Amino acid sequence: MAFIKISSPHVQRPTKTADIMRLVIIATIPGFIAMTFFFGWGTLINTVLAVLVALICEAGCIKLRKRPVLFFLKDNSAVLTAVLLALALPPFAPWWVTVTAVFVAIVLAKQLYGGLGQNPFNPAMVGYALVLISFPVEMTRWTSPFELSADSWNILGFGDTLRIIFIGWSETIATLNYIDSFSGATPLDTLKHRNGLTTEEVWASSNVMANVGAWYAVSLCYFTGGIFLIYRKIFTWHAPITLLITIGLISSMFFAIDPDSYADPLIHLTTGATMLGAFFIVTDPVSSSTSNRGKIVFAAGIGLLVYCVRTWGNYPDAMAFAVMLMNLCAPFIDQYTQPRSYGHKQSKKGSYSKENNS
Amino acid sequence: MGKVFAFHGGIHPPENKHQSSQSGIATAPLAKVLNVPVQQHIGAPAKICVTIGDKVLKGQRIADAQGKFSVAVHAPSSGTIAAIGEHPVPHPSGMNAQCVSIETDGLDQWVEHTGLADFRAMPKFELIDYIRDRGIAGMGGAGFPTAVKLHLSDDHIVNTLIINAAECEPYITADDLLIRERAADIISGINILQHLIEPSHVIIGIEDNKPQAIRALEEAIANSKYNIHVVSVPTKYPSGGEKQLIKLLTNVEVPSGGIPADVGIVCQNIGTVYALNNAVRTGESLISRIVTVTGEGVSKPQNYETLIGTPFSVLLDAAGHRPNTTSRLIVGGPMMGYSIDDTNIPVVKTSNCIIAASSREMPAPDPAQACIRCGMCEQVCPAQLLPQQLHWYAKSQEYDKAQQHNLFDCIECGACSYVCPSNIPLVQYYRHAKTSIREEQQEKRKSALARERFEAKQMREQRAIDEKAEKRKARADQAAKAQAAKQQTPKTMASNGPDAAKHLKSALLSAKKEVMLAQRQLDRLTAESDKDPAALSLADLKLQQAKSAQHKAQQDLSSLDSAQASAPDTKKLKIAAAQATTMLKKAQQALKAAQEKGQPGIEQLNATVQQLTEEATTATQAFEAAEPSAQAKSLTASVKATPAVQESSIDTKKLKTAAAIARTKLKKAQSQYEQLVTQNSQDSEAGIELKAQLDKLEQRAQATETAFVNAKPATTQSDTEQLQQNYDKAHKLYYKALAALNKAEQDNSPAVEKMRSSIDKLKDKLNNAENALAAGGKILADNHAPLKINTTLASNIDSNQLQLDLDKAAQRYHKAVATFEKAQADQNPAAQRMQAGLDKLKAKLDDAQQALDNTADTASSSAVTPATPANIDSEQLQQDADKARARYHKALAALEKAQADQNPAAQRMQAGVDKLKAKFDSAQQALENTADNASSSTAIPATPAKIDSAQLQQDVDKARARYHKALAALEKAQADQNPAAQRMQAGVDKLKAKLETAQQALDNTADTANSSAVTPAAPAKIDSEQLQQDVDKARARYHKALAALEKAQADQNPAAQRMQAGVDKLKAKLETATTLRNASGPQPITTSTEDQE
């Protein structure tokens, strides 16, 4: 029997890329459950649709690149992108919004750059940002969390949601008996477009804010998933915790200065895409900084940008934009956040220079 | 237990050590053939010192260490050397290396070996050499020569000794078992290391997955009194890496690019310590080690004590190899070992394990996927690098960025590759990138060198071209000048053409015949008993004519053949003019003789004389016209030593001929004069003219001789100097090359052979230069020898030159002695060579001394030469004596200073001083001899006597002046209490003596002058004038002295008494001079008033 001739090392850890991706997907399941429970079947339907479209797009691209399709499909990266995108999109997003977003994410933002590991921007966020800007109405049509109307749990039925997604909102609503209180804004949206009311007044008057508990629950689920992933060492604590700390600090600062104009930190941390972004978006390894120190800088930048756009920008939630902007900065951050290697006095800065290297 | 720190990263692969750690160390079976590689260490391979067929014993050295970075190799068992050649060896490349194959005889007989009885008694470097000779190299995996590591404490401050017992790699249990079974030996080995390195504390770092080994060590240390700690570190890969272990135990980081000794730490593997102990205590060389045989491919995984050179197949068979199960064979551990496929490769000093892995244990790796930059590799890297970036840049070949990310700090542990979820073989990328970078750097260096050489070549070629152009230009200018000059000469060239050549040739032949006939005629006349001078001179004249005709014909022919420059033309003209004049003279003489004797043919002679006069004048004019420079003097005085045209190059041959010519002329003139004297006609017009000419010729002869002699030694001198330079150059080159060869041999450079051959060439060149120099020196000596026969002038110049030579040689010799002593003090290996050079210089010095002495002898023995030379001699010798004295006193002063400073060079200076003293004495002797001669030469005629007295008067004055000066200096020295005072006293006395002798001589001559009043009137006249001058001089001196005396008496100068005496003497002299003058004749009307004083 011939002996294998191969270079060291000869043993490997069993964890593979596909396993990591799968683990991340698994970590989103609590969030899924919460979303479905509070907001209806929309998220689930969107997820299935997105995954299918993603796989088809990816397979098509790999085929065009003349690579073995199954080998590349099996690393679950497209599935993960689709799942995250579906979680980020509003539950009542029409099918064509989902399809567009997924297509852009997979084909434009990932495969056209060279496939897995080569994309400079977070693909899910590219897709999301594109549809957000292109289809603003559909992207702001959120469901209200279930209304306590007569002590019953009222969410839109599965079939109705399907019809809304595939046939259209206006058409479906016309057939329904419910008033359009099924669509509502997010709390952030409410707080932003307050029409001059103070924060307290908004809290008092808005229905959305009355049901902010749903959002708390969803965020908590994402948080749990994220902690689980840190425990499993899929990623380190640096990026998510720094993001949360940054947002918390900034919002606390502004809230302390002027509570009437600014939302409180808890809202910032628990509503919107903060938790989802912290543990699933910002930790995307391909497009973020490499070293731990770099990740801290990266996440801090994102937190800052998110708060700025939320407070003074045009959009209620700015995770996508912030992440994409910091993706642009990641190579530069890498150059200045190299770790200090063993035996060196300090870390090397900047790109190659003759004085640093003999 | 000491404190444990932490290092960044690390992984926890499954240990898999339990399989092989259950049983103890077994002994591997003896293999039939042991293949021992000569390089099992980092550094130069060992040099084989056995041949095929030799019988060797166990532990006998079969290869010697080469240079500093090397260890010896020994035979692991007794047997016969079966082969020496290439053989597969354990190396990732799978390539072959030089091996010594020993066929074992099964006896396993040890060579005589004893350990060192007291290793503490011997000097440390000897002990380290012993360790090196026993073949001890690092056994942890790298194979660093232990002796080199032990020498680190020479120039580094080492305060911690770390013993690496971590064994962090999975599967390997060799060190574990070694410690469990032989802990006492290990502690003993640590004691030896402690003695060598003298650290302040010793730490044994061991992982906590070896509890039994830890306990064994602690028990062994409990009885020891030394400061050794056993520190158990958490099991993590790679905590056994040197840098990581140091960080674990001491929290100190070894600087990048440095060695642990830079931070005061020396790290040794525990297996090496055991082998070292073996070597020192029992004298057993490193011939065996413990090897773990494990994996699912063997049924009985175990540790074996194996002889170096045992093929792995023997071990695998002993452990029950299952080839069907084995999918991979790994030498080393799973993280850093390399796979092999040939089980015949031997166990070497650094092989600690062989794993026969099944496909279940070590499955074939999955294909690599894209890097998702998850950062897990960065989390585990023990060197705190960014492996994902390194991979990125290695893949895209951006090596500068890879270096920016500290690629070369990677220890290739494999942890990053282990955790990579995409199965990327990261370590392979880094190895590839490192080699590419190293290759690039080498290419750069080569191209830089090539560019330098190319540019130098360009410059060289350009320079050659420029020089050629310049030369061409110069030649063209010269040709143009010559062409212009040629136009001026009225000389008519024969018509060109082959007929003209034939014509001239026939003319030449007839002329030659004429010469022969005339010569015969002259011989016949000379041979006759009664010589008829007129007829002789006539025949001579005819001969001269014929010769000149021949010469003319020759010149015409040669000028037809080649178009010469005008320079030979002038030469020809000169020769022609000279010949014409000579002929004229001869004709004139013949005419005169004929006229006197009344011989027939006078009219014919007259006619010939007329013709010849015309010819002579035209020839002279032509010559003078061609050479309008100052060189065209009248031919009677044209006996110049240096030629006109080529003034720049002093042609010794020309000088020699010129001197010879002058000499012959002089001789002829002298003989003629003598003839006249015998005929008693020296007072005739012709006689007086001839006398004048004779004097002139004498002067000229001397002048030419001087010129020749002056020129000759220079050229020979420059020749020998040239040879000397050549020799020195060759000498330097040879020794430089020898030193470079030694260095290359140490570094094991491949260019060694080439260097050897070129060194042989240099040696030949050196020998040639030496021979040439010796021959040249001999020639110089020979050349100098005949000069001894020449006049004393030549010998004086000789001695000066030889004196210079001697000084130079002495200087060189002393310098060489000083450097030699320094080299001996520094224990420089070049000392012996310097000894040889030193002897040579001494020989040279002695030769120079010899030569000088010879000439000095001849100089001193040439005192019997006539009067005029005697004076020059004494002058010269006086100068020599003064110089020698001065040198001697200077040297003496320097010697005393050196003795005061206790300079070690004092003895040599003593010798030199003695020599100078001897020289001084001999010079003094010579001078006195000549002085005696001079003083005893009073029997010569009057005119020389007069010159003598004036000369002697000058001598007396000089001597007096010197004496008084010396006396004044002596008093000053005595006042200052200068230790040189005694010597000065002696010198002063000598000067006084000299003064008195000179005075005496003067008085003698004065007496003779006085008693030579019988000289005729004419000389008397001259005398009176002279005497008048003497009076005036004496008066002036007397008055000057008087004035000085009065001044001194006014100043109360202690020298006043002496001056008084001097003044009285001068007064006496004045009176004598006056008396003389008065006696010699009527007193001229001079200032008579002064006579009264």
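Here are some notes:
- For the range B:235-247, filtered to residues that are assigned to a helix (DSSP H, G or I), within 12 Å of chain A (Cβ to nearest Cβ) and open to solvent by less than 20 Å² (accessible area, probe 1.4 Å), the residue that is farthest from B:Val148 (Cα to Cα) is B:Gln244.
- Every condition in (1) assigned to a helix (DSSP H, G or I); (2) within 13 Å of another protein chain (Cβ to nearest Cβ) holds for A:Leu266 except the one numbered (2).
- Test: A:Asp75 is acidic (Asp, Glu) and either more than 14 Å from chain B (Cβ to nearest Cβ) or open to solvent by 10 Å² or more (accessible area, probe 1.4 Å) (or both): no
- Residue in the range B:69-83 that is among the aromatic types (Phe, Trp, Tyr), open to solvent by 10 Å² or more (accessible area, probe 1.4 Å) and part of a loop (DSSP other than H, G, I, E, B) present: yes
- Given (1) surrounded by 15 or more Cβ atoms within 10 Å (Cβ to Cβ); (2) in a loop (DSSP other than H, G, I, E, B); (3) without any contact (Cβ under 8 Å) to a residue 60 or more places away in the chain, number of the condition B:Gly53 does not satisfy: (1)
- Taking every residue in the range A:1-30 that is facing chain B (nearest Cβ under 7 Å) and pairing it with any residue that is of a type in the set (D, E, K, R), at least 6 positions away or on another chain, the pairs with Cβ-Cβ distances below 6 Å are A:Phe3/B:Arg328; A:Phe3/B:Asp341; A:Ile4/B:Arg328; A:Lys5/B:Asp341; A:Thr17/A:Asp75.
- Residues in the range B:116-128 that are among the aromatic types (Phe, Trp, Tyr) and crowded, with 18+ Cβ neighbours inside 10 Å: B:Phe119 only.
- Residues within the range B:343-371 that are within 11 Å of chain A (Cβ to nearest Cβ) and open to solvent by 50 Å² or more (accessible area, probe 1.4 Å), tallied: 7
- Top-ranked residue in the range B:259-270 [being assigned to a helix (DSSP H, G or I) and open to solvent by 10 Å² or more (accessible area, probe 1.4 Å); ranked as farthest from B:Asp133 (Cα to Cα)]: B:Val263
- One residue stands out in the range A:89-108 among those that are buried (at least 24 other Cβ atoms within 10 Å of the Cβ) and within 21 Å of A:Ser287 (Cα to Cα): the one that is farthest from the other protein chains (Cβ to nearest Cβ), namely A:Leu89.
- Counted residues, the range A:21-62 - those being under 16 Å from A:Ile165 (Cα atoms), touching a Ser or Thr at 6+ places or on another chain (Cβ under 9 Å) and open to solvent by 20 Å² or more (accessible area, probe 1.4 Å): 5
- Evaluation of A:Gly213 against the conditions (1) among the small types (Gly, Ala, Ser); (2) over 26 Å from the mean Cα position of the chain (by Cα); (3) at pLDDT 70 or above shows that the sole unmet condition is (2).
- Hey, B:Gln379 at the interface with chain A (Cβ under 8 Å from one of its Cβ atoms), closer than 30 Å to B:Thr325 by Cβ, more than 50 Å from the chain's Cα centre (by Cα) and open to solvent by 20 Å² or more (accessible area, probe 1.4 Å) or not: no
- Subset of the range B:84-115 (residues that are surrounded by fewer than 18 Cβ atoms within 10 Å (Cβ to Cβ), more than 14 Å from chain A (Cβ to nearest Cβ) and part of a loop (DSSP other than H, G, I, E, B)): B:Asp105, B:Gly106, B:Leu107, B:Asp108, B:Gln109, B:Val111, B:Glu112, B:His113, B:Thr114, B:Gly115
- Residues located in the range B:537-574, provided they are at pLDDT 80 or above and surrounded by fewer than 17 Cβ atoms within 10 Å (Cβ to Cβ): B:Gln554
Quick grid of which residues meet (1) under 37 Å from the mean Cα position of the chain (by Cα); (2) modelled with pLDDT under 95:
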residue: B:Ser422; (1), (2): no, yes
residue: B:Ala433; (1), (2): no, no
residue: B:Lys446; (1), (2): yes, no
residue: B:Leu449; (1), (2): yes, no
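- Of all residues in the range B:414-448, those satisfying the criterion of being more than 7 Å from chain A (Cβ to nearest Cβ) and out of contact with any helix residue (DSSP H, G or I) (no Cβ under 8 Å at 6 or more places or on another chain) are B:Arg431, B:Thr435, B:Arg438, B:Glu439, B:Gln441, B:Gln442, B:Glu443, B:Lys444, B:Arg445, B:Lys446, B:Ser447, B:Ala448.
- Within the range B:1070-1087, residues that are at positive phi reach no partner that is at pLDDT 70 or above and open to solvent by less than 20 Å² (accessible area, probe 1.4 Å) with beta carbons closer than 9 Å at six or more positions or on different chains.
- Only listed residue being assigned to a helix (DSSP H, G or I), within 41 Å of the chain's Cα centre (by Cα), aromatic (Phe, Trp, Tyr) and at pLDDT below 80, chosen from B:Tyr727, B:Tyr735: B:Tyr727
- Wholly enclosed helices (runs of 4 or more DSSP H) of the range B:129-222 bearing at least 3 residues open to solvent by 50 Å² or more (accessible area, probe 1.4 Å) and either over 23 Å from B:Thr282 (Cβ atoms) or in contact with a strand residue (DSSP E or B) (Cβ under 8 Å, 6 or more places away or on another chain) (or both): B:211-222
- Evaluating B:Leu390 against the criteria (1) in contact (Cβ under 8 Å) with a residue 24 or more places away in the chain; (2) open to solvent by less than 20 Å² (accessible area, probe 1.4 Å); (3) facing another protein chain (nearest Cβ under 8 Å); (4) under 30 Å from B:Asn251 (Cβ atoms) leaves one unmet condition, (3).
- Selection count where residues are more than 7 Å from chain A (Cβ to nearest Cβ) and open to solvent by less than 10 Å² (accessible area, probe 1.4 Å), scope the range B:393-405: 2
- Failed condition for B:Gly320, given (1) open to solvent by 10 Å² or more (accessible area, probe 1.4 Å); (2) on the phi < 0 side of the Ramachandran plot; (3) touching a residue at least 12 places away in the same chain (Cβ under 8 Å): (2)
- Boolean, B:Phe408 is part of a helix (DSSP H, G or I), more than 8 Å from chain A (Cβ to nearest Cβ), touching a Gly at 6+ places or on another chain (Cβ under 9 Å) and open to solvent by 70 Å² or more (accessible area, probe 1.4 Å): yes
- Residue within the range A:170-180 that is touching a Leu at 6+ places or on another chain (Cβ under 7 Å) and open to solvent by less than 80 Å² (accessible area, probe 1.4 Å) present: no
Yes or no, residue by residue, for (1) within 30 Å of B:Glu398 (Cα to Cα); (2) surrounded by fewer than 19 Cβ atoms within 10 Å (Cβ to Cβ):
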residue: A:Thr290; (1), (2): yes, no
residue: A:Ala299; (1), (2): yes, no
residue: A:Trp312; (1), (2): no, yes
residue: A:Tyr315; (1), (2): no, no
residue: A:Ala320; (1), (2): no, no
residue: A:Lys345; (1), (2): yes, yes
residue: A:Lys349; (1), (2): yes, yes
residue: A:Ser353; (1), (2): yes, yes
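The values are calculated or read from the model by the stated rules, or taken from the named source; none is laboratory data. On a predicted model such as this, the values are computed, not experimentally measured, just so you know. All Cβ positions, glycine included, derive from the backbone under ideal geometry; neighbour counts span all protein chains shown. Please note that ligands, DNA and RNA were not included when accessible areas were found on the heavy atoms of the full protein model with its side chains. Shrake-Rupley method; radii C 1.70, N 1.55, O 1.52, S 1.80 Å.
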